[in-house]
Amino acid sequence: MYRGKRQPPLPVRVRDELGELFADAHFAGAFGAEGKPGWSPGRLALITVFQRVENLTDRQAAEAVRADLSWKYALGLELDDPGFDASVLSEFRSRVVAHGLEELVLDLLVTALIERGLLKAGGKQRTDSTHVISAVRDLNRLELAGECVRAALEALSAAAPRWVQEMLDLPGWADRYRSRIDSWRLPASETKREELARAYGSDGYALVAAVYAPFSPAWLRQVPAVDALRVMLIQNYVRTTGNSGREVVKRRRPLDDGGEGLPPGRWRLTSPYDTDTRWAAKGDDLFWNGYKVHISETCHADADVVGDNDGTDGQAIAPPNLITNVATTDATVPDVATTEKVHQGLQRRGLLPHEHYVDSGYASAELIVGACEAYGLTLITPVLLDQSPQARAQAGYDRTAFTVDWDNQRVTCPQGQASASWSRCLQRGSDAIVVMFPATSCRPCPVRTQCTTSKRGSRQLTLRPQAFQQALDSARAEQTSKQWQDKYKIRAGVEGTIRQAIAVTGIRRARYRGINKVHLEHVFSAVALNLIRLDAWWNGHPLDRGHTSHLARLELAELDLAS
């Protein structure tokens, strides 16, 4: 069909190379055999992938099914097939999420690539994350309070209009909640803003009380907007009794301001329309309300050739780096809390690497040791250096100058003095060992000023349990070598993958609301990127994998300075 230098479009190439990638049988748990006939879920899954490849809206994707011959070929449709209404795609995503099949399409693609020898366990993989902005407006605390009341009123008015008319005929509510709170300018006066905040709180409590009244239908309590309102009131307001004996509603204030305290950011509601999104910050200049996406991909060396694809010079071309796992969290979850989840996902797919390259945000002593013991992989990552005054100043005796006898629970200083105590404890939730030297030995020591600044004159060391401490010592010593730094450069390539995901699939901004649907979007985006890379490789011009980005070079420079 395609001759000469002309290459087939991606959908045609995918069909020719992979056949029917997503069979309907795999979606049987979500799409039953009974009821009204609908579109093939396997075809809808493939359409959603192509939608991400070209970054199309639902309407544009539905039009492409009707008009694009390459899409019809990939989907196995007749030329005169009329297609479907764009709303079918939204219904498909909702059903997939409701049945917990968010990662199915990536699992099916990975299985097909393993069968063709393009993916396998072992080798090298790398992981990094980026922030994702949610699909809701940013609201301050005052706007959030008013919008939660308005959203609950709107949901109840649609679900039980007669109940609302009978129970909530309160003065001022129609004018106050007619339009979105963030669509008009809030009062500039602090006094008026505080009055408005109290009004929102009082209205919210009145609405929740009416919903939970004994004579109200019990099912009204299950309306999601009502539950969001209830959470917002708990997190932002308190009710007290005033001097006159009447109930007083007031906003919570931070503890350092003498108030009642606010919940931590990881629990704090930010929108009534997406209760999973959270505010977070990274550094001094990045603040966002949304999620994080963690992308893992293979990063084998160019010499590791798999498959039989030939380049223009007749030589075999190394296969592309392929995405093997995607994890989605809310914005407040630190990277280190996701490392184990990533390893579990790779293990489930049978794709655990021998070496896993990550930045320091993903690593801890426990994870370095645990990854080796549980999964047999080596976590290649720069660990935080010793933060003691001696180590930071690179003068005097830091921890490495002391000899630790783990069996006898004793530490010997560079002057030959033995420790006096060995105490196990918890520090910030982690096991630690505090070692103290006797003051009688430290005070007369001729090099005491190089060892401690303690006024008591005795040195104190904090150690981790043996396996963790030895792993930290080994990693700190190894990462200062030129050989390790050259080896670690391979991690930088994952930044190009994140850049590709942002530019091609628009992964930076979530299209949907709720962490499950956002994760579904990320999984389909990962499959789309894999197909783009495979298409380039099948056509004999693989995407460049050896480029080191500007950010990667800065990271390596900072690592050189730290060492």
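The values are calculated or read from the model by the stated rules, or taken from the named source; none is laboratory data. Remember, it's a predicted structure, so these values are computed and weren't measured experimentally. Every residue, glycine as well, gets a Cβ built from its backbone with ideal geometry; the counts of neighbours run over all protein chains shown. All accessible areas refer to the heavy atoms of the entire protein, side chains included, with ligands and DNA or RNA removed. Shrake-Rupley method; radii C 1.70, N 1.55, O 1.52, S 1.80 Å.
Figures for the structure shown
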read-out	value
Sum of side-chain charges, residue 202 neighbourhood, beta-carbon under 12 Å (Lys, Arg +1; Asp, Glu -1)	+3
Order of exposure, largest accessible area first, which applies to 194, 143, 154 with probe 1.4 Å	154, 194, 143
Per-selection Kirkwood Rh - the chain (Cα, Å, 1 d.p.)	28.2 Å
Sum of side-chain charges, residue 502 neighbourhood, beta-carbon under 14 Å (Lys, Arg +1; Asp, Glu -1)	+3
Base-10 log of normalised Debye intensity for the stretch 168-227 (one unit scatterer per alpha-carbon) at q = 0.21, 0.28, 0.30 Å⁻¹	-0.96, -1.26, -1.30
When the stretch 77-142 is reduced to its Cα atoms, the Kirkwood hydrodynamic radius in Å	16.9 Å
Theoretical FRET efficiency, 1/(1+(r/R0)^6), r = Cβ-Cβ of residue 440 and residue 373, R0 56 Å, to 0.05	0.85
Column: log10 I(q)/I(0), Debye, Cα scatterers of the stretch 437-540, q = 0.09, 0.10, 0.14, 0.15 Å⁻¹	-0.58, -0.64, -0.82, -0.87
The chain - percent of accessible surface contributed by carbon and sulfur, probe 1.4 Å	49 percent
For the stretch 1-157, fraction of C-alpha pairs farther apart than 20 Å, in %	64 percent
Normalised convex hull volume, the stretch 328-380, alpha-carbon set, Å³ per residue	73 Å³
P(r) of the stretch 21-111 over all Cα-Cα pairs, binned every 10 Å from zero, in whole percent	15, 52, 31, 2
Three principal axis lengths of the stretch 352-431 [C-alpha, angstrom, descending]	46, 30, 24
Accessible area (Å², per residue) of the stretch 53-178, counting only protein heavy atoms and a probe of 1.4 Å	48 Å²
Kirkwood hydrodynamic radius of the stretch 229-274, Cα pairs, Å	11.9 Å
Residue-count net charge about residue 90 - beta-carbon cut-off 13 Å; Lys, Arg +1, Asp, Glu -1	+2
Long-range HN-HN contacts of residue 324 with modeled amide H, under 5 Å	296, 297, 298
Per residue convex hull volume, Cα atoms of the stretch 164-293, in Å³	175 Å³
